Amino acid sequence: MTGSSVTPGMPARGAVEPTISVRGLWKIFGPAEHRIVGTPDALLPTAELQLKTGTTVAVRDVTFDVAHGEVFVVMGLSGSGKSTLVRCLTRLIEPTAGEVFLDGEDIGKADAQRLRELRRRRFAMVFQHFGLLPHRKVIDNVAYGLEIRGVGRAERHARAGEMLELVGLGGYDRRYPDQLSGGQQQRVGLARALAVDPEVMLFDEPFSALDPLIRRDMQNEVIRLHREVGKTMIFITHDLAEALKLGDHIVIMRNGSIVQAGRPEDLVGAPADDYVADFVRDVPKSHVLTLRWAMRPIGPDDPTDGPEFPPGTVIRSAIHAAASTTKPIRVIEDGRLLGVVDQAHILAVIAGAEAPV
């Protein structure tokens, strides 16, 4: 099979220093929390461990890297450990074991003062429940993080006004939260997170309570904002369609562990097990798999011309070009020919079969 696979839970990128690096992270709740890791009991299934020790493993030996400027999605069903995981990253929940690094700094070793500084200046969280202050106008809600930093009123309001414009709420600054719709309130939450200019934005199922149409609009808003401001984002969701739409990289969690990690096309094209395969069963492969996935090495008999597309092009966007010529599509990146994709490859992906080599 063409494409790439990723060992569950392991980093998938090259040697560039990641923004977030997580190594061997555990979170256990219960009386035996600090007596489990490193013992045979750590290998027990969740139910058996609960019965034997009265403890619950929420996050089990999780390792991953988040590259600078990417949208990294953690998805799983309720109880999979994804929300606990994101809270461990900033020690809103203290991990039981393991390490979390931000640009090489060990967050686990930060004292209380340094941790507050990190949360105020380098991280920002957007939750499902907006957490807006009902007695404060929108402008003051957006500026709240800057107020805590001690930024003057004029400066923080100017910054807050810029962020409201960025999220499409220019002119709403004098309103109160209860005068806004749910989608507008979530936009205020986004503006508030952006106002402090964080290095990393953490989203914990922020759109789960919104109506489907508003949810779609907010997903598009995140995509637009990411394109415009380029923040590193970690996004928690239980919705596969949302994960595939937003994520540059995705990890799927189950019972506290990472089942599979990789790009969207890795998960859809090469599910690691039946659990992941069941998740992605109904996903149209041509809507997710890319030319990078379907391409083969160029052969000596291949023509030297033909349609050209970048490797990130999804298959469905290249179907017309493939059908209108007998020449293979040339996959080009930075002027370099990576491989070719012919009609047989395209048809195999659409049919759900492995792309021939």
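The values are calculated or read from the model by the stated rules, or taken from the named source; none is laboratory data. This structure is a prediction, so every number in the text was calculated from the model and none was measured. Cβ: placed from backbone, ideal geometry, glycine included. Neighbour counts: every protein chain shown. Calculation scope for accessible area: heavy atoms of the full protein, side chains included, ligands and nucleic acids excluded. Shrake-Rupley method; radii C 1.70, N 1.55, O 1.52, S 1.80 Å.
Sort segment 107-233 into rounded, prolate or oblate with this rule: let a ≥ b ≥ c be the square roots of the eigenvalues of the Cα gyration tensor; rounded if a/c is under 1.5, and if a/c is not under 1.5, prolate when a/b is larger than b/c, oblate otherwise. All intermediate terms of the calculation are to be shown ahead of the outcome.
Values: a/c = 1.66, a/b = 1.22, b/c = 1.36.
Verdict is oblate for segment 107-233.
Write down the Kirkwood hydrodynamic radius of the chain, to one decimal in angstroms, obtained as one divided by the mean of 1/r over all alpha carbon pairs.
Details: mean 1/r = 0.0449 Å⁻¹.
Radius from the Kirkwood sum: 22.3 Å.
To the nearest 20 debye, what charge dipole does the chain have about its Cα centre, counting +1 at the Cβ of each Lys and Arg and -1 at the Cβ of each Asp and Glu? Walk me through the numbers before you get to the answer.
Working: 42 positive and 46 negative charges, 216 e Å.
Its charge dipole is roughly 1040 debye.
For segment 86-140, I need the span (max minus min coordinate) of the C-alpha atoms along each principal axis, in Å, sorted largest to smallest.
Extents along the principal axes: 40, 20, 18 Å.
Apply the a/c threshold of 1.5 to the C-alpha gyration tensor of segment 122-162 and tell me whether it is rounded, prolate or oblate.
Details: a/c = 2.00, a/b = 1.37, b/c = 1.46.
Verdict is oblate for segment 122-162.
Sort 339-346, 166-173 by the packing proxy (mean of other Cβ within 10 Å over each peptide's residues), most packed first.
Put in order of decreasing packing, that is 339-346, 166-173.
Given a 1.4 angstrom probe, what's the average accessible area per residue across the chain, in square angstrom? Walk me through the intermediate numbers first.
Working: 16580 Å² over 357 residues.
Here the residues of the chain average 46 Å² of exposed surface.
Taking 1 over the mean of 1/r across every pair of different Cα atoms in segment 46-97, what Kirkwood radius in Å do you get?
Value: 12.7 Å, from the Cα pair sum.
For segment 49-171, with equal point scatterers placed on the C-alpha atoms only and solvent neglected, what are the log10 I(q)/I(0) values from the Debye formula at q = 0.11, 0.12, 0.15, 0.16 1/Å, to two decimals?
Relative scattering, expressed as log10 I(q)/I(0), comes to -0.54, -0.64, -0.92, -1.01.
Please count, across the chain, the pairs of lysine residues with Cα atoms under 19 Å apart that sit 8 or more places apart or on different chains.
Values: K27/K52; K27/K82; K27/K109; K82/K245; K231/K245; K245/K285.
Summing the qualifying lysine pairs gives 6.
Please quote Rg/Rh for segment 258-338 to two decimal places, taking the Kirkwood radius as Rh and restricting both calculations to Cα atoms. Walk me through the numbers on the way to the answer.
Values: Rg = 14.6 Å, Rh = 14.0 Å.
That ratio is 1.05, to two decimals.
Only helices at least 15 Å long along their axis, Cα-based, and averaging -1.0 or more on Kyte-Doolittle count here, so list those DSSP H runs from the chain.
Values: long enough: 153-166 (20 Å, -0.91); 182-195 (20 Å, -0.25); 212-229 (25 Å, -0.74).
Membrane-span-like by this rule: 153-166, 182-195, 212-229.
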